[in-house]
Every structure is written in C-alpha cells, then in structure tokens.
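Scroll down for the structure; my scribbles are underneath it.
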C-alpha cells in the first residue's frame with residue numbers, strides 16, 4: 001500500500017493542529033515546520049476543511065484548528081477521504097484487461113490485504129498519534 005504525499009501532509013497537518021489546540025495555526029507556520037511549499041499545503045488544507053477535519057478561521061488573526069475532537073478523527077477515515085485512488089493493481093479498477101482476472105487468486109489476496117490495512121487504520125484516532133501536550137515537540141513558534 002502506498003500513501004500519497006497529499007495524504008501524508010494531511011495527516012501531518014492534523015497532528016500539528018492536534019498538538020497546538022491552544023491557538024490558531026497558520027498554513028505558513030505548518031509549511032515552514034515541515035518544509036513543504038505553501039501552495040501545495042494550501043490544497044491539502046482546503047480538502048481537510050471540505051471534509052470537516054479542519055476549521056479555517058478567516059481574517060486578521062485567523063488560522064486553522066481541528067474541526068472536531070482528535071478522538072473523533074479516525075486515521076482510516078482521513079486516509080480514505082484524502083486518497084484519490086485505493087487501487088492497488090489494475091484489476092481493482094474499471095475495464096480490467098488482465099487475462100487472468102476470471103481465475104486469479106491474487107486479486108482477492110490483495111483485496112484482503114487492503115481491507116486489513118484499512119481496518120488497522122480505523123482502530124487509530126488522531127488522539128492516539130498526538131505527543132503529550134507538555135512536550136509540544138512540533139511547536140516552533142511562541
């Protein structure tokens with residue numbers, strides 16, 4: 001299974017926001033912390049906002065915060081919503097041209113593996129991934 005960079009950044013943003021719940025966080029701050037382009041991170045954050053994982057506050061003094069409690073955010077849910085394509089191999093997609101498809105056992109094996117992967121992620125919440133608040137490991141700015 002391969003997680004795209006988009007999903008990786010989405011999870012990082014959520015973890016960062018989850019460790020900085022006492023204030024609003026700017027995209028620029030997160031961008032600088034992780035060394036990610038501001039414009040690329042903006043696309044990720046916009047999707048997180050559309051999916052209601054993040055709330056964006058506009059205007060002077062605005063920024064980002066979690067859209068709900070960290071314990072209510074399943075990592076599996078985040079991955080499924082951010083990943084555009086969970087197709088592991090061609091035969092999972094539309095219009096499979098594989099001659100082995102009618103009798104292939106690899107397809108069901110990979111489908112089971114994907115289901116197990118997602119099941120493990122479903123058991124983990126954002127709260128499970130957060131650093132103890134006293135350490136504030138990800139906090140770079142006062």
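Quick look at the numbers
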{"quantity": "Residue 28 being under 16 Å from residue 125 (Cα atoms) and surrounded by fewer than 19 Cβ atoms within 10 Å (Cβ to Cβ)", "calculated": "no"}
{"quantity": "Pairs, first touching a residue at least 24 places away in the same chain (Cβ under 8 Å) in the stretch 112-125, second surrounded by 14 or more Cβ atoms within 10 Å (Cβ to Cβ) and assigned to a strand (DSSP E or B), C-beta under 9 Å, six or more apart", "calculated": "121/74; 122/74; 123/74; 124/74; 125/74"}
{"quantity": "Members of the stretch 1-23 found to be in contact (Cβ under 8 Å) with a residue 12 or more places away in the chain, surrounded by fewer than 16 Cβ atoms within 10 Å (Cβ to Cβ) and farther than 27 Å from residue 116 by Cα, listed by number", "calculated": "21, 23"}
{"quantity": "Subset of the stretch 60-81 (residues that are out of contact with any strand residue (DSSP E or B) (no Cβ under 9 Å at 6 or more places or on another chain) and more than 24 Å from residue 3 (Cβ to Cβ))", "calculated": "60, 61"}
{"quantity": "Among residues of the stretch 31-59, those that are in contact with a strand residue (DSSP E or B) (Cβ under 7 Å, 6 or more places away or on another chain) and part of a helix (DSSP H, G or I), counted", "calculated": "3"}
{"quantity": "Among residues of the stretch 73-117, those that are surrounded by 14 or more Cβ atoms within 10 Å (Cβ to Cβ), modelled with pLDDT of 75 or more and over 24 Å from residue 43 (Cβ atoms), counted", "calculated": "6"}
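The values are calculated or read from the model by the stated rules, or taken from the named source; none is laboratory data. Note that the coordinates shown come from a computational prediction; the quantities given were computed from them, not determined experimentally. Note that each Cβ is placed from the backbone with ideal geometry, even for glycine, and that neighbours are counted across all protein chains shown.
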